[in-house]
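K.L.:
Pasting a structure below so you can have a look.
The values are calculated or read from the model by the stated rules, or taken from the named source; none is laboratory data. The shown structure was predicted, so the numbers you read here are calculated from the model rather than taken from an experiment. Methodologically, a virtual Cβ is constructed for each residue, glycine included, from the backbone with ideal geometry; neighbour enumeration extends over all protein chains shown. Note: accessible area is taken over every heavy atom of the protein model, side chains too, but ligands, DNA and RNA are not part of it. Shrake-Rupley method; radii C 1.70, N 1.55, O 1.52, S 1.80 Å.
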Amino acid sequence: MWFKHIILSLLIWLPVIGAMLVLLTGGDRQARAARFIAFSVALLNLLLCIPLYLAFDPSRFVMQFQENHLWIRAYQIHYALGVDGISLAMIILTNFTGLLVILAGCQAIRVRIAQYMAAFLIMQGMMIGVFAATDAILFYVFWEGMLIPMYLSIGMWGSANRNYAAVKFFLYTFLGSILMLIALLYLYNQTGSFDIQRFYGLHLPIAIQKLIFFAFLLAFAVKVPMWPVHTWLPDAHTEAPAGGSVVLAALMLKLGIYGFLRFSMPIVPQACAHLAGLMIILSLIAIIYIGLVAIVQVDMKKLIAYSSIAHMGFATLGCFMIYGIIRHMAKYQDAYMSLEGAVIQMISHAFGSGAMFLGVGILADRLTSHSRLIKDYSGVAARMPLFAAFFMLFAMSNVGLPGTAGFVGEFMVIMSAFQSHFWVAFTAALTLILASAYTLWMYKRVFFGSIVSNEVAAMKDINWLEKTNYILLAAGVFFIGLYPAPVLNVLHVTIEHLLSISMPPLKV
Amino acid sequence: MMNIAMPLFSAALPEIFMLCMISFILLIDVCLKEGYRIVTYGLTQLTLIAVFLFAMAQYREYPYPIVTFGDHYVVDKLAILTKLWVLVASFFAFIYARHYIKGRSILYGEYYILGLFAVLGMLIMASAYSFLTIYLGLELLSLSLYAMVALQKDSAAATEAAMKYFIMGALASGLLLYGISILYGVTGSIDILTIGNALQKGLHVHNPAMIFALVFILSGLLFKFGAVPFHMWVPDVYDGAPTSVTLFIASAPKIAAFCITMRILVQALPMLSPAWSSILVVVAVLSMFSGNLLAIAQTNIKRMLAYSSIAHIGYTLLGIISGPTSATGYSAAMFYITTYVIVAAGAFAIIALLSKQGIELDQLDDYRGLNARHPWLAFMMLLLMFSMAGVPPTVGFFAKLGLLAALVEAHYVWLAALALLFAIIGAYYYLRIVMLMYFEEPREDLRSNRIAISPGITTAITLNGMAALILGLLPSALIDVCRISLG
């Protein structure tokens with residue numbers, strides 16, 4: 001592959017350049033051109049993932065497709081990119097979601113289309129940058145850089161309370177990241193470089209490790225989000241346009257988990273082992289308490305937002321259970337399964353929740369009030385049978401039904417936890433009940449029952465564009481649920497390596 | 001016996017040329033009919049360009065510092081670079097001013113001539129190598145600025161602002177002079193070089209009078225900077241002065257003031273660094289705190305940016321604080337102040353451009369829905385605001401990063417954390433501007449009001465706004481330049 005050495009840069013900058021082109025089309029008069037350019041760029045980016053996947057060598061744990069240029073000499077900051085199995089999977093997922101969001105936006109957005117498309121394309125580029133960066137400051141620049149388009153997209157195309165939600169979103173995440181920046185600068189002082197790999201070999205004293213751990217924790221916990229710093233998410237999700245919610249749920253939340261995997265666990269393994277108990281408790285609170293909160297929601301988007309927090313609890317649980325598993329059982333295999341479960345959960349959640357957010361967008365689009373309240377809908381299934389069928393599938397994935405994407409990750413995390421900590425696993429497994437409760441109850445109230453209003457009675461079933469979106473997402477759900485081997489294959493060596501560097505040296 | 005040598009006039013060529021040109025323009029302007037004011041404007045800008053080229057030539061010509069005029073005058077990298085920045089900032093300030101002053105009958109030749117005198121003062125400050133020359137340059141700058149603020153004779157606010165500025169400024173100059181006189185009393189010299197060498201040998205370091213001198217000099221400087229607790233004049237002057245003058249005050253003088261601070265604290269009094277850095281810690285924290293906090297409460301964007309400038313001065317001081325114990329503190333501070341000047345000039349320029357004939361549109365409300373009225377201007381403002389907030393990929397991020405790196409290196413981790421906490425508070429009011437511009441609809445009476453800007457000014461504002469982005473993507477060269485000038 002001749003463009004092997006620039007493919008990551010292409011993936012990052014193509015959407016950004018595309019965004020510039022889209023902006024050049026100007027106002028809403030040339031909406032068709034804006035849509036067309038945005039769609040072609042997103043499609044091209046997704047197609048670029050095919051050679052990326054094929055050329056990736058899953059048997060090596062080192063970073064592949066590396067690019068490295070000195071960027072800022074004074075601080076030895078490099079424009080350094082590279083991918084391993086986890087980031088490869090996330091980049092493909094980002095491009096897949098990016099295309100869906102553009103498609104959905106083609107229909108749902110009617111004002112300032114060019115700016116909308118540009119915002120999402122830039123966001124996509126920044127997101128890929130986060131997953132591909134191997135230099136800490138480059139990572140940070142992408143990490144913060146995507147706040148700007150996200151802030152704008154919530155504020156410009158959001159619903160009534162959008163100003164509040166947008167500012168809250170921005171300040172919360174901005175606040176989260178500052179301590180991470182100081183931690184990175186501290187690590188730079190220790191190593192003389194911002195290369196993330198160089199941070200791994202440091203054997204810092206445990207007290208310093210703990211400080212760095214908490215600095216990272218704040219940044220990543222806000223993004224995941226973990227209880228108790230999750231409060232921005234329901235607001236942002238609810239007020240954002242459908243596309244924004246999809247990006248938030250499918251991708252942005254994963255950045256937090258990705259941060260734990262890329263920074264916290266390998267850089268400060270002893271602190272992680274020490275504080276794993278705290279992390280597990282926080283994860284369990286997210287799973288149980290937030291699950292309960294989800295049940296009582298009256299707003300569909302809020303409900304799905306809370307369910308996202310609960311599902312992300314599984315991912316953090318899987319990450320930090322490995323320390324307990326190793327300590328109690330010294331069984332490497334279980335720890336591996338736990339970590340792999342966390343990563344799978346991170347990927348699979350994108351399909352289910354993303355699809356459900358799109359679904360709420362589709363429903364709200366058909367009502368003049370754009371209501372998201374459950375009580376405004378009833379008997380939708382009678383008018384939109386195809387939509388109801390699709391939505392059922394995604395709801396089932398959210399519940400964790402075997403055969404769908406949602407099942408695999410949760411099952412792996414719970415299974416591995418059962419081997420060492422029965423009560424942790426038992427508590428986590430309660431989610432299977434909670435998730436069914438809130439998802440299916442919502443489904444019942446929205447889709448079944450008698451038709452509530454004339455507007456619902458006049459609803460049309462999904463059109464070809466929405467169908468395309470849903471077919472793609474359904475394919476994703478079944479793919480992870482039934483035959484995840486191509487993904488696991490890519491992840492295998494990377495996760496093994498991650499596990500080996502995330503383990504504190506065992507006392508003999 | 002003092003050795004009187006012929007001064008090296010060629011070293012002061014930029015200033016000498018500038019002074020001649022000012023006299024020439026003054027004469028020409030008297031003979032000009034109303035309506036031909038563009039000649040004055042053109043000559044002013046040409047002068048700035050010519051002086052810029054002279055300074056550029058000096059940059060290559062003098063690889064080593066030259067001290068002349070009886071040790072009162074120096075040409076080194078710091079001086080030349082400061083001059084270059086001052087000239088560029090003034091050049092842009094005059095471009096933006098033209099449109100604004102035309103609209104409110106202050107289009108006099110005096111505006112440019114006073115401006116040029118201010119620039120001359122700053123050039124002298126940049127090259128000053130004794131307290132006498134520093135004071136001379138500073139006063140030339142200040143007196144011109146007082147007059148420029150008062151130029152709009154029919155505006156009560158401007159007159160009041162000028163009065164306040166003058167009284168406060170005179171007080172500050174008094175403090176500075178008093179400090180200098182104590183310093184002279186103790187060391188017997190007003191040369192930066194001589195004082196620095198004497199202290200280096202351990203003389204006078206433990207003399208308590210030195211601390212007195214330091215405190216007075218520092219107060220004078222901080223007054224000029226507008227740092228807490230000497231910040232009271234800043235919001236009133238920024239608000240009351242014509243916007244084009246505010247723009248000018250907020251830009252180039254900050255760089256010149258930074259340069260003399262470097263000369264005094266780092267070149268003359270480095271042995272007192274434990275004393276001055278502990279004073280500056282308090283000042284910096286207070287400035288960041290109250291600047292950011294009070295800015296939130298403002299409804300007038302000029303006042304808001306005035307408080308924000310107080311906060312930014314606080315950040316700049318952080319670099320100076322970490323300077324003695326880190327390799328990069330001073331250059332980080334210089335990078336910060338230069339990039340801040342670029343950003344602030346752009347922001348004030350947009351405020352000046354939006355105001356219509358005689359009517360100031362400087363309330364936050366006037367920015368509602370700017371994106372719908374003029375998307376490009378709104379986008380430039382967006383870049384500038386995010387840069388002030390320090391969000392990547394704008395240059396403001398790297399400015400803060402440099403300071404933080406220096407602070408962490410100097411073991412001031414707590415100060416770094418505090419600085420970032422204040423940055424979050426600050427982010428709120430910058431975000432509010434973006435929120436108003438992008439998330440809201442324009443006010444009824446402004447909706448049909450077209451914003452007409454000449455292509456020349458559009459180019460200038462585009463260069464200015466894009467600089468915040470481009471320097472954020474490729475900051476390396478500017479960082480290196482700052483490092484070279486502060487070795």
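K.L.:
Calculated FRET efficiency, B:Ile211 and A:Leu373, Cβ-Cβ r, R0 56 Å, to nearest 0.05? Write down the numbers at each step before the final one.
P.N.:
Working: r = 68 Å, r/R0 = 1.22.
E(calc), rounded to 0.05, equals 0.25.
K.L.:
Kindly compute the accessible surface that chains A and B hide from a 1.4 Å probe when together, both sides summed, and give it to the nearest 100 Å².
P.N.:
Values: alone 18890 and 18740 Å², together 34280 Å².
Using a 1.4 Å probe on protein heavy atoms, the buried area is about 3300 Å².
K.L.:
When the accessible area of chain A is computed with all protein chains present and a 1.4 Å probe, what percentage of it is carbon and sulfur?
P.N.:
Working: 11860 of 17230 Å².
That share works out to 69 percent.
K.L.:
Taking Cα pairs under 8 Å and at least six residues apart, what relative contact order does the stretch A:268-508 come out at, in percent? Write down the numbers at each step before the final one.
P.N.:
On the way: 351 pairs, mean separation 65.9, N = 241.
Result for the stretch A:268-508 is 27 percent.
K.L.:
Note down the nm distance, to one decimal, between modelled labels 7 Å out along Cα→Cβ at B:Gln45 and at B:Glu160.
P.N.:
Label at B:Gln45, label at B:Glu160, 3.5 nm between them.
K.L.:
Can you list the DSSP H helices in chain A whose Cα atoms extend at least 30 Å along the helix axis and whose mean Kyte-Doolittle hydropathy is 1.6 or higher? Write down the numbers at each step before the final one.
P.N.:
Numbers: long enough: A:31-55 (37 Å, 1.70); A:85-108 (34 Å, 1.81); A:162-191 (43 Å, 0.96); A:269-295 (37 Å, 2.11); A:300-329 (42 Å, 0.88); A:332-365 (50 Å, 0.76).
Counting only whole DSSP H runs, the qualifying helices are A:31-55, A:85-108, A:269-295.
K.L.:
Based on Cα coordinates alone, diagonalise the gyration tensor for the stretch A:268-508, multiply each eigenvalue by 5, take square roots, and list the semi-axes in whole Å, largest first.
P.N.:
Working: eigenvalues 288, 67, 31 Å².
For the stretch A:268-508, the semi-axes come out at 38, 18, 12 Å.
K.L.:
Do the sum for chain B: with -39,500 (n - 2.57) for every DSSP H run of n ≥ 4, divided by all residues, what is the mean residue ellipticity at 222 nm, to the nearest 500 deg cm²/dmol? Walk me through the numbers before you get to the answer.
P.N.:
Details: 21 runs with 359 residues, N = 487.
It comes out at -24500 deg cm²/dmol, rounded to the nearest 500.
K.L.:
A further question on this structure: Could you check how much of the accessible area of chain B is carbon and sulfur, as a whole percent, using a 1.4 Å probe? Please report the intermediate quantities before stating the final value.
P.N.:
Details: 12050 of 17050 Å².
Its accessible area is 71 percent carbon and sulfur atoms.
K.L.:
Still on this structure, I have one more. Once each part is reduced to its C-alpha centroid, what is the distance from the stretch B:57-90 to the stretch B:182-256 in angstrom?
P.N.:
After rounding, the separation between the Cα centres reads 20 Å.
K.L.:
Here's another thing I want to ask about it. Round to the nearest 10 and give me the degree value, 0 to 90, for the angle of helix B:476-485's Cα axis relative to the longest principal axis of chain B.
P.N.:
30 degrees
K.L.:
Name the residue from A:Ser397, A:Ala89, A:Leu171 whose Cα lies farthest towards the positive end of the charge dipole of chain A, charges +1 on Cβ of Lys and Arg and -1 on Cβ of Asp and Glu.
P.N.:
Farthest towards the positive pole: A:Leu171.
K.L.:
Can you give the accessible area of B:Leu46 in Å² (nearest 10), computed on protein heavy atoms with a 1.4 Å probe?
P.N.:
Approximately 110 Å² for this residue.
K.L.:
Sort A:240-252, B:54-66, B:146-158 for me by packing, meaning the mean count of neighbouring Cβ atoms within 10 Å per residue, highest on top. Mind showing how you got there, number by number?
P.N.:
Numbers: A:240-252: 27.5, B:54-66: 14.5, B:146-158: 18.5.
With the highest mean Cβ count within 10 Å placed first, the list reads A:240-252, B:146-158, B:54-66.
K.L.:
Right, next: Find the centroid of the Cα atoms in the stretch A:206-246 and in the stretch A:450-508, then give the distance between the two in whole Å.
P.N.:
Computed from Cα coordinates, the inter-centre distance equals 21 Å.
K.L.:
Nearest 10 degrees is fine. How inclined is helix B:156-187 to the longest principal axis of chain B, computing both from alpha carbons?
P.N.:
The helix B:156-187 is inclined about 10 degrees to chain B.
K.L.:
Between A:Leu44 and B:Leu474, how many nm apart are label points set 7 Å from Cα along the C-beta direction?
P.N.:
Calculated label separation equals 2.2 nm.
K.L.:
Also, I was wondering about something else. Taking the Cα centre of chain A as the origin, how large is its charge dipole in debye, to the nearest 20, when only Lys and Arg (+1) and Asp and Glu (-1) carry charge on their Cβ atoms? All intermediate terms of the calculation are to be shown ahead of the outcome.
P.N.:
On the way: 28 positive and 19 negative charges, 112 e Å.
Dipole size: approximately 540 debye.
K.L.:
Oh, and also: According to the square roots a ≥ b ≥ c of the eigenvalues of the Cα gyration tensor, what is the shape class of the stretch A:399-481, taking rounded for a/c under 1.5, prolate for a/b larger than b/c otherwise, and oblate for the remainder?
P.N.:
On the way: a/c = 5.84, a/b = 1.79, b/c = 3.27.
Taking the square roots of the gyration eigenvalues as a ≥ b ≥ c, the stretch A:399-481 is oblate.
K.L.:
Additional query: Of B:Trp85, B:Trp276, A:Trp2, which has the most accessible area with a 1.4 Å probe, and how do the rest follow in descending order?
P.N.:
My answer, sorted largest first, is A:Trp2, B:Trp85, B:Trp276.
K.L.:
Follow-up question, since we're still on this one. Students sometimes get this wrong: rank B:Ile279, A:Ile72, B:Ile95 by accessible area, probe 1.4 Å, all chains present, largest first.
P.N.:
Values: B:Ile279 55, A:Ile72 0, B:Ile95 30 Å².
Result, largest first: B:Ile279, B:Ile95, A:Ile72.
K.L.:
Work out the charge dipole of the stretch A:268-508 with +1 on the Cβ of Lys and Arg and -1 on the Cβ of Asp and Glu about the Cα centre, then indicate which of A:Tyr332, A:Phe447, A:Phe357 is farthest towards its positive end.
P.N.:
A:Phe447
K.L.:
Let me ask something else about it. Rounding to the nearest 20 debye, state how big the charge dipole of the stretch A:1-159 is about its Cα centre with +1 on each Lys and Arg Cβ and -1 on each Asp and Glu Cβ. If you can, show how the numbers build up before the last one.
P.N.:
Details: 8 positive and 6 negative charges, 103 e Å.
Approximately 500 debye in magnitude.
K.L.:
Each label point is 7 Å from the Cα along the Cα-to-Cβ direction; what then is the distance between the points at A:Phe479 and A:Ile206, in nm?
P.N.:
4.5 nm
K.L.:
Please give the helix B:301-322 orientation as an angle from the longest Cα principal axis of chain B, in degrees from 0 to 90, rounded to the nearest 10.
P.N.:
It works out to around 30 degrees.
K.L.:
Next up: Protein chains only, probe 1.4 Å: how do A:Trp143, A:Trp157 rank by accessible area, largest first?
P.N.:
Numbers: A:Trp143 0, A:Trp157 30 Å².
Per-residue accessible area, sorted high to low, gives A:Trp157, A:Trp143.
K.L.:
Given the C-alpha centroids of the stretch B:427-443 and the stretch A:180-200, what is the distance between them in whole angstrom?
P.N.:
Answer, in whole Å: 36.
K.L.:
While we're looking at this one, here's another question. Given a cut-off of under 8 Å on Cα pairs at least six residues apart, what relative contact order in percent is computed for chain A? Kindly include the intermediate steps, with their values, before the conclusion.
P.N.:
Values: 845 pairs, mean separation 76.3, N = 508.
It comes to 15 percent, rounded to a whole number.
K.L.:
How much length is gained on full extension from B:Asp445 to B:Val282, taking 0.36 nm per residue of separation minus their Cα-Cα distance?
P.N.:
On the way: separation 163, 0.36 × 163 = 58.68 nm, distance 4.62 nm.
Answer, rounded to one decimal: 54.1 nm.
K.L.:
Also, quick follow-up: Over the protein assembly as shown, average the accessible area per residue using a 1.4 Å probe and give it in Å², no decimals. Could the numbers behind the result be given before it?
P.N.:
On the way: 34280 Å² over 995 residues.
Dividing the accessible area of the protein assembly as shown by its residue count gives 34 Å².
K.L.:
Something else now. Set the Förster radius R0 to 56 Å, insert the Cβ-Cβ distance between A:Ala382 and A:Trp423 as r into 1/(1 + (r/R0)^6), and round the FRET efficiency to 0.05.
P.N.:
Numbers: r = 45 Å, r/R0 = 0.80.
E(calc), rounded to 0.05, equals 0.80.
K.L.:
So how strong a dipole does the protein assembly as shown carry about its Cα centre when Lys and Arg Cβ are +1 and Asp and Glu Cβ are -1, to the nearest 20 debye?
P.N.:
In debye, rounded to 20, the protein assembly as shown gives about 1040.
K.L.:
Report the one residue of B:Ala161, B:His204, B:Leu136 whose Cα lies farthest in the direction of the positive end of the charge dipole of the protein assembly as shown (charges on C-beta: Lys and Arg +1, Asp and Glu -1; origin at the Cα centre).
P.N.:
With unit charges placed on the Cβ atoms, the residue in question is B:Ala161.
K.L.:
Rounded, prolate or oblate: which one fits chain B, using the alpha carbon gyration tensor with axes a ≥ b ≥ c (rounded when a/c is under 1.5, else prolate when a/b beats b/c, else oblate)? Intermediate results must be reported in sequence, preceding the final value.
P.N.:
Details: a/c = 1.73, a/b = 1.27, b/c = 1.36.
Oblate, because a/c is 1.5 or more while a/b does not exceed b/c.
K.L.:
If you don't mind, there's one more thing I want to ask. Averaging sequence separations of C-alpha pairs under 8 Å and six or more residues apart, then dividing by the length of the stretch B:12-485, give the relative contact order as a whole percent. List each step's numbers first, then the result.
P.N.:
Numbers: 751 pairs, mean separation 67.3, N = 474.
RCO, the stretch B:12-485: 14 percent.
K.L.:
Could you tell me the calculated FRET efficiency between B:Tyr62 and A:His328, based on Cβ-Cβ distance and R0 = 60 angstrom, to the nearest 0.05? Don't jump to the answer; show the numbers that get you there.
P.N.:
Details: r = 71 Å, r/R0 = 1.19.
E between B:Tyr62 and A:His328, to the nearest 0.05, is 0.25.
K.L.:
Run the paramagnetic zone check for B:Gln363: 7 angstrom along Cα to Cβ, then residues of the stretch B:429-469 with backbone nitrogen under 13 Å.
P.N.:
Flagged as within label range: B:443-446.
K.L.:
Which of the lysines could a cross-linker bridge to B:Lys102, judged by Cα under 21 Å and excluding same-chain residues fewer than eight apart?
P.N.:
Output for B:Lys102: B:Lys33, B:Lys153, B:Lys302, B:Lys356.
K.L.:
Let me make sure I get this right: for chain A, a, b and c are the square roots of the gyration tensor eigenvalues over alpha carbons, sorted descending. Under 1.5 in a/c it's rounded, otherwise prolate if a/b > b/c, else oblate. Which is it? Write down the numbers at each step before the final one.
P.N.:
Numbers: a/c = 1.73, a/b = 1.25, b/c = 1.38.
Judged from the Cα gyration tensor, chain A comes out oblate (a/c at least 1.5, b/c at or above a/b).
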